[in-house]
1. Being within 14 Å of chain B (Cβ to nearest Cβ), charged (D, E, K, R) and at negative phi, is that true of even one residue in segment A:6-21?
2. Restricting attention to segment B:103-112, report how many residues are at the interface with chain A (Cβ under 7 Å from one of its Cβ atoms) and not hydrophobic (A, V, I, L, M, F, W, C).
3. Just wondering, is there one or more residues in segment A:103-112 that are more than 24 Å from A:LEU149 (Cα to Cα), without any contact (Cβ under 8 Å) to a residue 60 or more places away in the chain, crowded, with 18+ Cβ neighbours inside 10 Å and not small (Gly, Ala, Ser)?
4. Looking at A:TYR30, is it without any contact (Cβ under 8 Å) to a residue 60 or more places away in the chain and surrounded by fewer than 16 Cβ atoms within 10 Å (Cβ to Cβ)?
5. From A:ALA189, A:ALA227, A:ALA222, grab the single residue that is facing chain B (nearest Cβ under 9 Å) and either at negative phi or more than 17 Å from the chain's Cα centre (by Cα) (or both).
6. Can you report the number of residues in segment B:113-126 which are part of a helix (DSSP H, G or I) and within 7 Å of another protein chain (Cβ to nearest Cβ)?
7. Answer yes or no: is there a residue in segment B:108-126 that is modelled with pLDDT of 95 or more and touching a helix residue (DSSP H, G or I) at 6+ places or on another chain (Cβ under 7 Å).
8. So which residues in segment B:46-63 are in a strand (DSSP E or B) and not hydrophobic (A, V, I, L, M, F, W, C)?
Amino acid sequence: MQTLTSHRLAGLAAIGLIAVLLPAFFPSAYYYRVGALVFIFALAAIGLNLLMGFAGQVSLGHAGFLGIGGYTVLIGPTYLGLPSWLCILGGAALSGAVAFLVGRPILRLKGHYLAVATLGFGVLVAIVLTNEAHWTGGPDGMSVPRLVLFDWRVRGSDTWYWIAAATFVVGAMLALNLIDSPTGRALRAIHGSEVASSVLGIDVARHKLAVFTVSAIYASIAGSYLALFNGHITPEISGFIRSIELVAMVVLGGMGSIAGSLVGAAVLVVLPQALTVLHDYEHVVLGLILMGFMIFLPQGIIPGVAGLLGGRRT
Amino acid sequence: MILQTERLSIAFGGVHAVNEVSFGVAPGTVFSIIGPNGAGKTTLFNLISGLYVPATGSVRLAGEDVTGLSPDKLARRGLSRTFQNLQIFFAMTALENVMVGRHRHETTGMLSDLLHLPSVARQNHATRAAAAAALGRVGLSAYATRPAGSLPYGALKRLEIARALASEPTLLLLDEPAAGCNPVETAEIEAIIRQFARDGITVVLVEHDMRLVMNISDRIHVLANGSTLAEGTAAQVRVNPAVIEAYLGTQHAQEQARAAG
């Protein structure tokens, strides 16, 4: 449907416009920093949303791929003298390859069993990153060399804001493309009924593996950006809490909603910063707010609000 | 024969769910499989469509041995089916459900889909047109943009048929398409199946509605307790003593028990 395509591009243009106009209201450089983090995490959340929201397969270990992407831009430039930009791509390829190999056996599992298996993967990556101290600096982590593009050292929060926003828009566009395509329909069909999908000619295992690999690549690029932006990395990037945060972003924003992934990431990045004024009660209030969102908008923020406005989901 | 099973068997925990069942289906005919509850009809469908792998025996599709092939491979060879307990993609619209049925005819890969190359746009257009046509054939055009979850039960039954039809099967397995349908809906489904026969689609039907079965079947295969009881035309099966015994058996046995007691 032509309207579907134009609808989709309009939504994307709106997100791009917001990204461009938002800095006009930033009172300080600190806001660029928060904005950059929102777009970086939103990128990882989109990838996870393709896996969870569309194909219906849960991953509680996606921070493992953040870690692979993050540590590739540490190890490549520090030990091997490779340029950082190449290591972003190399990390993405490595994460894709790892996802492909790990996914083959574990994606046969369903529901809770898949959740525990992916959780195991994430824990495994975190342990390796902690124990291989010779390469990774161990639990305290290491300084990550700055990104250098054409002899230009990228370090300012404002620059990273633009890089993250631009990458997010590209990532969102690819994800939206996928939804309205044969592959996208197959993924949503697998979510609905694996049995019916298979008798209609869909190779269920191959599609699950493909979307798991793509979602790992999204997470890896986000992880590389995170490490380069912070200038420092610790195994915490692959921690269980990080994986749960990514899942929370997807569910909070809305499963299957690309705009929702951005909103979910924004809420979970901005709220903890905003709530620091509450000191000791910060985490309690954060938890209560998240519970409130899920109670009143159980389908997630974007589908929930769209439903309240009587519109279709975006 | 477009479909030929040879001594097909599978057991679950010592129970012979399907036991040495052999039959052949001629192209362009309606072939029905009937039998009391638990006779193994749906299990037989699961064996033919690749959801179960037979313990012994073979399945041939257009002369080719396809025993043990996965369901998606069989689908790509032109076999499609519906389900007794509906397997609808409830989060998708009615039209999108049927579009999934076109999957085996779609040629774009994941990379071109991600980049939305012009080939994907053309593909989507062709898929949508074919799906809309299939939806029209079962009389559901009015529901196209509705979420499948909001359709009434009888419409969902026909939606599954449209989805299977969209894959342009040469062999279509229908598992109780009229179950839970009122007489009007059953008549609609009968008309749809008759049209399939005219279009050269071979139909294998599992159905409890005997009037429907007797009306449209070229041949009927009767199962009881996983084994073949009889096979023949509607007229032959109707008067077969073993078939009558199987269907009235319980009542018969009760009467005898009462007489003895």
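The values are calculated or read from the model by the stated rules, or taken from the named source; none is laboratory data. If you're wondering where the values come from, they're calculated on a predicted model, not measured in any experiment. Cβ: placed from backbone, ideal geometry, glycine included. Neighbour counts: every protein chain shown.
1. Going through segment A:6-21, the residues within 14 Å of chain B (Cβ to nearest Cβ) turn out to be A:6-9, A:12.
Filter once more, keeping what is charged (D, E, K, R): A:8.
Subset that is at negative phi: A:8.
Looking through segment A:6-21, at least one residue is within 14 Å of chain B (Cβ to nearest Cβ), charged (D, E, K, R) and at negative phi.
2. Summing the residues that are at the interface with chain A (Cβ under 7 Å from one of its Cβ atoms) and not hydrophobic (A, V, I, L, M, F, W, C) in segment B:103-112 gives 4.
3. Yes - at least one qualifying residue is present in segment A:103-112.
4. no
5. Values: A:ALA227 fails: facing chain B (nearest Cβ under 9 Å); A:ALA222 fails: facing chain B (nearest Cβ under 9 Å).
Answer to the check: A:ALA189.
6. Going through segment B:113-126 one residue at a time, the tally reaches 6.
7. no
8. Start the filter on segment B:46-63 by keeping residues that are in a strand (DSSP E or B), which leaves B:56-61.
Passing the criteria: B:THR56, B:GLY57, B:SER58, B:ARG60.
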